[in-house]
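The next block holds one structure in the form of C-alpha cells; read it before the comments.
The values are calculated or read from the model by the stated rules, or taken from the named source; none is laboratory data. Every value quoted in this text rests on a predicted model; they were computed, and no experiment measured them. Note that each Cβ is placed from the backbone with ideal geometry, even for glycine, and that neighbours are counted across all protein chains shown. Heavy atoms of the whole protein, side chains included, go into the accessibility calculation; ligands, DNA and RNA do not. Shrake-Rupley method; radii C 1.70, N 1.55, O 1.52, S 1.80 Å.
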Amino acid sequence: MPVRVMIIAGESSGELYGAMLARRLREMWPDLLLLGIGGEKMEASGVELLSGINSAFGGVGALSSVKHLIASYKKLKDVFKTIRVDVVVLIDFPDFNLKVAKAAKKSGIKVLYYVSPQVWAWRMGRIKKVARRSDVIAAILPFEPEIYAKENVYCEFVGHPIVEELNTHVIDKNALMREFSLDAERPVIGMLPGSRQGELGRHLPVLIDTIKILKLQHPEFQYLMPIAPNLTIGEFGQMFAELAALDVKLIDGRAVEALSICDLGVVKSGTAAFQAALIGVPIVVIYKMGALDYNIIRRIIEVKYINLVNLIYDAPVVKELIQEMAVPEAIAGELLKLYEDIDLRSETLEKFKRLREIFDQKNPTNRVAELIAQLIA
C-alpha cells in the first residue's frame, strides 16, 4: 500500500518549502500519494491539490477569504474520514493549521508541524496547544526547541529552508551588474519595500525621501529596488516616476540576485531581511503599519526584536527602525554609519557569517523527510 502524506501551506514561503519537501518525498517513495493545500509550486512538485489557493499568494495573504477557508477545512475533514493518510505536514499558517491538526489527531493521523507558529513572539499560550496537537515539531530557528522542552512533544531544530533555497542560486555578480546597468566601481544600495500592497504604500514614500538625503551626501551611490511580481503597482505610478527620476533601478522580483550585488541595504522586516543577512549584506531594517494595527500588536508582542538575526543572537546586531522611528533622516543616518564605520560593518558581517554557518550545517528538507519516515515506521 503506498505511503500517503498531506502537506498544507498557506502562504508563498510555506508553499515553496512544501514544494521542496514534496520533491524529496517522491525521491524516497516513487509511488507516494501526495495530497495538500498549496499553490502552483506544490502542484508542479507532484502534490494533488485538494484546494487551490493560488490567488491567495502574495499581496493578500493566505487563503483569500473566510468562505474559502471554511470550505477547505471541511474538505480536509472529509478526506480524513474517507482516505487513509499516514502523516499530515503543517507549514506555518497557525490559525488554520492548528484546527487541521486537531481534526487529524482525532482521526488517528500523525502530525508533523514544520515552521511552527511563532509562539515566542506573541500568544505564548499557544505553546501547549501546538505541542498537544503535534507528534513532531520541526523547528527552523535554533532557540525554538528550548521553548517546547517542558511540553510532551519532540521538537528538533532542523535548519531553515530559506538557506537551501539560497543555495540553489548561482550568482554571477559581474553579469548581474551589467544586466542591471550598474557601475562596478560604485557602491550599490538595495531598497526592498516589501512584498505586500500595503507595505509598498507605506514604505515607498519613506524610501524615496531616504534616497534624496543619501544622494546629497553620497552622489556616487547606486540604487536597486526589486518589486515583488505579484503586486499591483498602478496606484503607485507617481512614486515609481519619482524613483525613475532618482535613477533607481527597478527590477521585477529576483530579490536574492539583487541582494547578492548590494553593498548595503534598507529592507522591510521579514524574509528578505533574513536573506540579506545570510547573503552577507549589512542592512537597516524598517517596518511601518497602520496606526490601529500597530497599537494592537505593540500590546501583545512578547519579544524585544522583530528581525530574526536579532532574535537568534538576542542582541541588536541589525538596526531596527519601526513605525515612527522609520523616518528618512534616521534611516539614512543608520545606513551611513554602516558605510562609514568600517569596524561596525566588519563586526556585523562577521556575525552574519557565523549565523550562516549555523544554518549551513543543516539540511531541513532532508531531515523533515526523515522525520516523516520515522513517524510512518
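Estimated at the nearest 10 Å², the accessible area of Ile261 is 10 Å² with a 1.4 Å probe. Loop-resident trypsin sites (Lys or Arg not before Pro) (DSSP state other than H, G, I, E or B) in segment 300-365 with no more than 11 further Cβ atoms inside 10 Å of their Cβ: Lys304.
Across the protein chains, with a 1.4 Å probe defining accessible surface, the residues Met325, Met1, Met20, Met6 rank Met1, Met325, Met20, Met6 from largest area downward. In plain terms, the chain from Glu220 to Glu370 could stretch by 48.9 nm, reckoned as 0.36 nm per residue minus the Cα-Cα distance. The share of C-alpha pairs in the chain whose separation exceeds 32 Å stands at 36 percent. What the phi angles of segment 190-197 give under the Karplus curve with 6.51, -1.76 and 1.60, with θ = phi - 60°, is a coupling list of x, 10, 10, x, x, 10, 10, 4 Hz, glycine and proline written as x. FRET efficiency for the Glu27 to Lys81 pair, using the beta carbon distance and R₀ = 30 Å, is estimated at 0.50. Relative to the longest principal axis of the Cα atoms of the chain, helix 12-28 runs at roughly 50 degrees. Between Ala245 and Tyr294, the simple spin-label model (points 7 angstrom out along Cα→Cβ) gives 2.7 nm. A DSSP coil position with no more than 13 other Cβ atoms inside 10 Å describes the following GluC sites (Glu not before Pro) in segment 218-250: Glu220. The simple spin-label model puts a point 7 Å past each Cα toward its Cβ; for Ile358 and Asp252 those points are separated by 3.7 nm.
Each residue of segment 175-188 is assigned a 3J(HN,Hα), and the resulting list reads 5, 5, 4, 5, 4, 8, 6, 10, 8, 5, 8, 10, x, 10 Hz, derived from the Karplus form 6.51 cos²θ - 1.76 cosθ + 1.60 (θ = phi - 60°), x at Gly and Pro. Can you tell me which of Thr365, Thr82, Thr348 moves the most in a GNM of the chain? Springs connect C-alpha atoms under 10 Å apart. With Cα springs under 10 Å in the chain, the top fluctuation among Thr365, Thr82, Thr348 is at Thr82. Label-to-label distance, Met325 versus Ala149, with points set 7 angstrom from Cα along the beta-carbon direction: 2.9 nm. How much net charge surrounds Glu11 when only the other residues with a Cβ under 15 Å from the Cβ of Glu11 are counted, with Lys and Arg +1 and Asp and Glu -1? Summing Lys and Arg as +1 and Asp and Glu as -1 gives -4.
Cut-off 12 Å, label point 7 angstrom out along Cα-to-Cβ of Asp314: give me the residues of segment 129-145 whose amide nitrogen falls inside. Residues passing the 12 Å test: 143-144. At q = 0.11, 0.24, 0.26 Å⁻¹, what log₁₀ I(q)/I(0) does segment 252-331 have when each alpha carbon counts as one equal point scatterer in the Debye sum? So the normalised log intensities work out to -0.31, -1.19, -1.29.
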